[in-house]
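Input: a single structure, listed below in structure tokens.
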Amino acid sequence: MPSMKAPKGTRDILPPETSAWQRVEKAFSSVAARFGYAEIRLPTFEHTELFQRGVGDTTDIVQKEMYTFLDKGGRSLSLRPEGTAGVVRAYVENGMPSLPTPVKLFYLITAFRYENVQKGRYREFHQFGAEAFGAAGPAIDAEMIGLLSVFFEEMGLKRTGLRINSIGCPVCRASYNDLLRDSLRPHLAEICGLCNDRFERNPLRILDCKEPKCRPFIEGAPAQLDHLCPDCAAHFEGMKGELDRLGIAYAVDRGIVRGLDYYTRTVFEFVSENVGTQGTICGGGRYDGLVEACGGPATPGIGFALGVERLLMELAAQGVVNPPLEPPTLFVAAVDDTSGQEARRICHQLRRAGVPAEADWNGRSLKAQMKAANRLGARYAVVIGSDETTTGRAKLKNMKDGTERDVALDRLAEEIR
RNA sequence: GUGGAAUUAGUUCAGUGGUUAGAGCGCCAGAUUGUGGAUCUGGAUGUCGCGGGUUCAAAUCCCGUAUUCCACCCCA
């Protein structure tokens with residue numbers, strides 16, 4: 001047992017699992033590009049202050065889950081706990097507000113949160129995300145959800161539930177918060193301690209509480225959705241209409257709040273029953289005040305983050321099979337050391353010609369080489385000996401049915417196509 | 001941060017105080033001389049998570065600790 005182990009909450013992703021990762025990464029990039037999103041790559045760590053402002057000082061993520069450290073120059077830096085803040089920073093820093101709108105970006109990142117580990121939750125985890133800046137209307141909200149819907153469809157995912165909600169803008173939220181407090185105030189003694197804290201700080205969060213004793217009051221409480229200002233209400237209706245026209249099914253869930261401070265109006269998530277209590281595969285929403293809060297011009301924005309580990313879990317749970325790694329097409333076996341040299345030369349030339357080929361690298365017996373070819377799933381094998389080296393011809397064996405046919409060695413690449 | 005369960009070969013697991021700790025799978029080699037898949041035979045590999053303690057004797061009992069899984073909280 002090795003004494004060096006991967007740190008808590010991290011894990012190694014090994015073959016053949018990596019092929020499943022490559023598959024989803026490729027599919028996501030492809031769908032995102034088709035929707036007009038361009039890839040952005042960003043630093044893994046940022047100034048701590050960015051997350052304090054961008055994610056929100058009051059969030060659990062910033063208060064207790066960040067990997068924060070001082071570098072040798074005394075700067076406070078943090079490993080990113082999510083992707084949006086960094087994208088917003090880069091958007092402002094690189095003058096992207098002057099680009100034609102909407103500016104649409106996507107990314108594949110790792111993120112870090114210091115939390116206790118459980119199913120579908122790691123300290124280092126992977127997200128696919130996208131952000132769209134500069135479009136204020138509901139059409140872009142639906143476009144983004146459409147992107148996810150197409151991605152899930154192409155991954156072969158069924159039964160992934162989309163839930164949507166609106167949490168309003170700063171204007172209607174202020175009056176709603178008063179309404180919410182009024183409704184809960186008589187019951188403060190009965191709801192949990194945490195919710196008492198939330199009552200002053202951010203009463204919206206109370207709606208997300210799972211405490212049984214809080215549930216009755218939550219269900220009786222007014223929902224933001226029913227108290228939107230006219231603009232926010234129109235936005236929500238507009239988005240629903242867009243989704244209807246795109247043929248995307250959704251459920252309105254008044255309980256969706258999202259954990260990050262920056263959200264306004266639209267919030268949504270894709271949920272599953274197969275990821276443990278962490279049912280959320282993907283969460284996102286609109287953040288119309290964030291760019292300005294990060295020092296840029298007032299710019300509407302919307303984005304989402306998709307948990308790759310959770311997506312993969314969901315794919316496995318729904319029985320979506322992962323196509324196997326491309327097997328070596330041709331195994332070049334050799335009967336002795338001398339022909340082994342020739343076999344390796346042929347193998348190299350096949351690879352140059354674009355043919356996946358394997359050979360023996362351990363000086364093993366012919367029998368062992370054939371065994372290896374079989375295990376690798378090679379479709380064909382040739383055996384190289386002194387006869388073959390002299391005549392330049394060999395028997396090409398089909399590993400599936402065991403049949404052989406005589407071929408010229410210098411035409412191997414063409415023969416197996 | 002809180003609670004529960006677990007940790008023995010590469011892997012899945014058996015072994016609950018008594019010699020040199022086992023099995024399946026996998027790996028390596030062989031079953032007459034240049035051919036895989038089946039079968040058979042043989043082989044290698046363990047600081048029994050780590051550190052203390054109890055005992056004549058600990059994988060086994062006790063304490064601590066780390067990690068994993070599950071749950072709370074929160075989120076991807």
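Just name the residue that is farthest from RNA strand B (Cβ to nearest atom) out of those in the stretch A:108-136 that are open to solvent by less than 50 Å² (accessible area, probe 1.4 Å) and among the polar types (S, T, N, Q). Selected residue: A:Thr110. A:Phe69 meets each of the listed conditions (1) touching a residue at least 24 places away in the same chain (Cβ under 8 Å); (2) assigned to a strand (DSSP E or B); (3) not aliphatic (A, V, I, L, M) apart from (1).
From the list A:Ala139, A:Ala90, the lone residue that is surrounded by fewer than 19 Cβ atoms within 10 Å (Cβ to Cβ), hydrophobic (A, V, I, L, M, F, W, C) and out of contact with any Gly (no Cβ under 9 Å at 6 or more places or on another chain) is A:Ala90. For the stretch A:139-234, the helices (runs of 4 or more DSSP H) that sit wholly inside it and include 3 or more residues that are at pLDDT 85 or above are A:170-184.
Considering only residues that are in contact (Cβ under 8 Å) with a residue 60 or more places away in the chain and of a type outside the set (A, V, I, L, M, F, W, C), look in the stretch A:212-236 and name the one that is nearest to A:Ala139 (Cα to Cα). If we take residues in the stretch A:212-236 being in contact (Cβ under 8 Å) with a residue 60 or more places away in the chain and of a type outside the set (A, V, I, L, M, F, W, C), then A:His235 is nearest to A:Ala139 (Cα to Cα). Considering (1) more than 26 Å from A:Pro16 (Cα to Cα); (2) more than 19 Å from the chain's Cα centre (by Cα), the lone condition that A:Phe304 does not fulfil carries the number (2). Per the listing A:Leu50, A:Leu70, A:Leu105, the residue uniquely open to solvent by 40 Å² or more (accessible area, probe 1.4 Å) and assigned by TED's automatic domain parsing to the domain that holds A:Ile302 is A:Leu70. Close Cβ contacts (under 6 Å, 6 or more residues apart or on different chains) running from residues in the stretch A:370-383 that are farther than 17 Å from A:Pro16 by Cβ to residues that are open to solvent by less than 40 Å² (accessible area, probe 1.4 Å) and assigned to a helix (DSSP H, G or I) comprise A:Ala381/A:Ala373.
Put simply, of A:Ala221, A:Ala189, A:Ala136 the only residue that is over 16 Å from A:Phe268 (Cα atoms), among the aliphatic types (A, V, I, L, M) and assigned by TED's automatic domain parsing to the domain that holds A:Phe28 is A:Ala136.
The values are calculated or read from the model by the stated rules, or taken from the named source; none is laboratory data. Being a predicted model, the structure only gives us computed values, none of them experimental. Glycine gets a Cβ as well: all are built from the backbone with ideal geometry, and neighbour counts include every protein chain shown. The protein model used for the area step is the full one, side chains on, heavy atoms only, and it has no ligands, DNA or RNA in it. Shrake-Rupley method; radii C 1.70, N 1.55, O 1.52, S 1.80 Å.
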